[in-house]
Each structure stands twice: as structure tokens, then as C-alpha cells.
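Scroll down for the structure; my scribbles are underneath it.
Readers should treat all values here as calculations from the given coordinates under stated rules, not as data from a laboratory. For clarity, every value in this text was computed on a predicted model and none was experimentally measured. Backbone-built Cβ (ideal geometry, glycine too); neighbour counts: all protein chains shown.
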Amino acid sequence: MSDGEKNKTGNGLMELLKLYRFLKPYRWKFALGMFFLLISTGASLMFPKLLGDLVDMGNRGMMKAEISRTGLLLLVILVTQALFSYSRTRLFVLVTEKTLASIRQHLYNHLIKLPMAFFSERRVGELNSRISSDVALLQDSLTGTLADFLSQILVITGGITLMMISSFKLTLFMLAIVPAMALLAFFSGRAIRRYSRKAQSFVAESNTIVEETLQGIQNVKAFTNEPFEINRYRQKTEDVARAGIKGGKYQASISFIVLGFFISMGAVIWRGSTMIATGQMEAGQLFSFVIYSGFIGGNIAGMAGVYTRLQKTIGAAENLLLLLEEPTEEIDEKYLPDPSQTLYGQIAFDRVEFRYPSREEVTVLKDVSFGIDPGQQVALVGPSGAGKSTITSLLLKFYEPSGGRILFDGRDSRDFPVTAL
């Protein structure tokens, strides 16, 4: 990873952490969930060790009662792990849903208080995506990604530690081959997903061509445009095929990765068997060792997946924070009418100029002056684009004039809070 990418990731993590303020009201439930995670992860690490002990007890010809006690302990640990995992999941779901509800409410409250100038520069679909898609991306990451990352770190470090206690030599042998295969499997899977998304995108574009062509079939026929549309559709379907073929190459390579996993595990078992033959290891230890190897390989591949999810979440967090940093209008939700701000209906435009924020180079109103008395009915007449709707928008304080003044009962409109009007 380059220095630029590291800085970007670091800055993105800081942005993501800013959203954790919404989790603060539920921090004790979150902390309890993390405690349950530690217990359940620790219990899962004991599972391979006890299985290996059972195998060794059988090989040594130990008493049935001792084997039964170990089996009962194994059952207790499995039940404990299941109960703590269940409790942890329930707590994390509770915290996540309540936090997301707070984020959605805060985001919507902020969005609806933004000035019209903001909405004139944004598409409705983009803003809707912020509330729906970007918040949805946070759903797994607020608690799930952090929990997964911590669990994977604990399993990897704990598993390697227990393996080294059992056999330092075999641990080094395993670390030389199994993690590499896990990473190879992850990157192959990511390539398959990438080409799958490309193919889906091309399919969507080809469907759009069909829809546009059939909806406008009269125009196609009128201009004898059939060859052009046929060629356009052919190119898109060929793009779909190319993306599918490239993805198929990576998909086919999965069989070699599976073969590599079997070879890796076979190599670990072979090496362990030679150590058993020379008295350096017992069969139960090798049995536990193989299970730990699977745990570690799976979690290393999982960590790469967590990093990918984290990058998507950082992008969503940055989008949401940019929106939340937009200045809102000063709207007083507890506003009480002020007698000094009572309006009687006199309106005056005094040399008003106006340019829309999204089109600063175009002057919509220039040196406009007129007056309207209370109770007077006035019609604004003019061609499209003359500024009729703009004058109405200025009266409603959707925008502030670029120059001049708008007077209500002889007072500048800027002196009135938005809530009063």
C-alpha cells in the first residue's frame, strides 16, 4: 500500500469514527456485546484443544470416566460459546438498529433544514441515496466489522500461540503455506466479483437499449435506424460475454486453489505424522493442529474481506459527513410569534439583482424595483424565463438577493428570521 493510500485510509477512519458519536447512548450495551465476543471467541479456541485431548486420551487407554469428563467439558464449552454468541448478536443488532435510526433521523432533520440553494445544486436521487444506500452500508460496519476484526485478530493470535505451545516447528511449517493459500483464495474471489459486477452493468445497459428502442420504435422506423440499434445492442452483448469469460477464468482457477488447500493441509498432516513417528508429537496434538490451521487460514482470508468492507464504509461515511457539514437555515423549532415582527403585507423590491447559486454567470433579475400595497392584487406577466418564479422564490426567502433589497413593511427581509415568515 502506498503512502497516499495509507493516509487516505487513516483520514477515512477518522471520518468513520466521527459517526460513532451516534452510538454513545448505547455504549454500555456495545461494551457488553464486545465482552460476550471475547468469551465466545475464547471458547471457540478451546474446542480444537479439547478434541485433541480426547484423541490422546483414547490412544493412551485412559479410563472411560476421564474421557467422559473431558467430553462433558467440551459440551459445556460449546453450549457456552453458543449462548454468548447468541447474546452478542442480539446486543449488536439492537445497538446497530438504534444507532442507524439515530443517524437517519439526524440526517433527515439536517437535510430538510438546508437552504434551497443547496437543493438547486443536487439531484433528488443523489440525496435519496445518501439516506438509503450510504446509511445501509454502515449497517454491518458500525458494530459487525469491528467485531469481526477483533474476533479474527483473537483467533489468529490465540490459535498461533496455542499451536506454538504444541509444536513450534510445525507452526512455522504451517505459516509458510496455509496463509498464502487463504490470501490467494480471497483475491481470486474479489476478481470474480469485480467481473461479475461488470457483466451485470453491461446487462443493465443492454436492457436499457432494448427499452429505449422499443419505446421509440416509431422513430427508429421513421429514420430507418435499425442497423444502428442492432449494432449498438450487439456491442453491449459482446461486452457482457467478454466480462463473463474473464470472470470465468478466475472462477475456473478456484479448483486449483481448492487443490492447493488440500495439498497444504496434506503437507501439514504429513509433516505432523513424521513428528509423531519420531515421538515429537502426539496424534491428538496433530488433530488439534489441523483444525487450528483451518481456523487461521479462514480468518486471514476474512480479514482481507473486512478491509474491503471497511473501504466501502469509509466512502459512505465521508459522503454522510459532507452532507452533515452543510450549513442549515436558522429555523427555530420553538419559535413564538414576536409582535414586533407582525407583517401587514406591504412589499417592495429595491433595485434587486439575483443569480442562482448553480448558475452564477447568468443574471436572472437585474435592477428590479416595484412595490405592492397591503390587499393589492398584482399579476406577474412575461415570457418563460423572465423571472416570475424567481420573484416568488425570493419573496418566500428560498434565496437571498445577489444585490439590492427586498422590504417587508419597509424593513429589510434579512431582518426577519425564516421562521417568522
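Some notes on this structure:
- One chain, two ends: Ile217 and Leu32. Fully extended at 0.36 nm per residue, the span grows by 60.3 nm beyond their Cα-Cα distance.
- Restraint check, Lys366/Lys397; Lys49/Lys169; Lys18/Lys113; Lys29/Lys49; Lys198/Lys221, Cα-Cα greater than 25 Å: Lys29/Lys49; Lys198/Lys221
- Separation of the range 61-107 from the range 339-401 is 65 Å, based on Cα centroids.
- Cα pair distances exceeding 13 angstrom across the range 361-405, given as percent: 63 percent
- A DSSP coil position with no more than 11 other Cβ atoms inside 10 Å describes the following GluC sites (Glu not before Pro) in the range 351-421: Glu360, Glu361.
- Karplus-derived 3J(HN,Hα) values for the range 82-95, using 6.51 cos²θ - 1.76 cosθ + 1.60 with θ = phi - 60°, are 5, 5, 5, 5, 4, 5, 4, 5, 4, 5, 5, 5, 4, 5 Hz; glycine and proline are entered as x.
- 3J(HN,Hα) along the range 237-250, derived from phi through the Karplus expression 6.51 cos²θ - 1.76 cosθ + 1.60 where θ = phi - 60°, amounts to 5, 5, 4, 4, 5, 5, 5, x, 5, 5, x, x, 4, 5 Hz, with x in place of Gly and Pro.
- Cut-off under 5 Å, modelled amide H: who pairs with Gly404 long-range: Glu353
- Base-10 log of normalised Debye intensity for the range 14-86 (one unit scatterer per alpha-carbon) at q = 0.13, 0.18, 0.21 Å⁻¹: -0.55, -0.76, -0.89
- Per-residue ³J(HN,Hα) for the range 50-56, Karplus 6.51 cos²θ - 1.76 cosθ + 1.60, θ = phi - 60°, Hz, x for Gly and Pro: 5, 4, x, 4, 4, 4, 5
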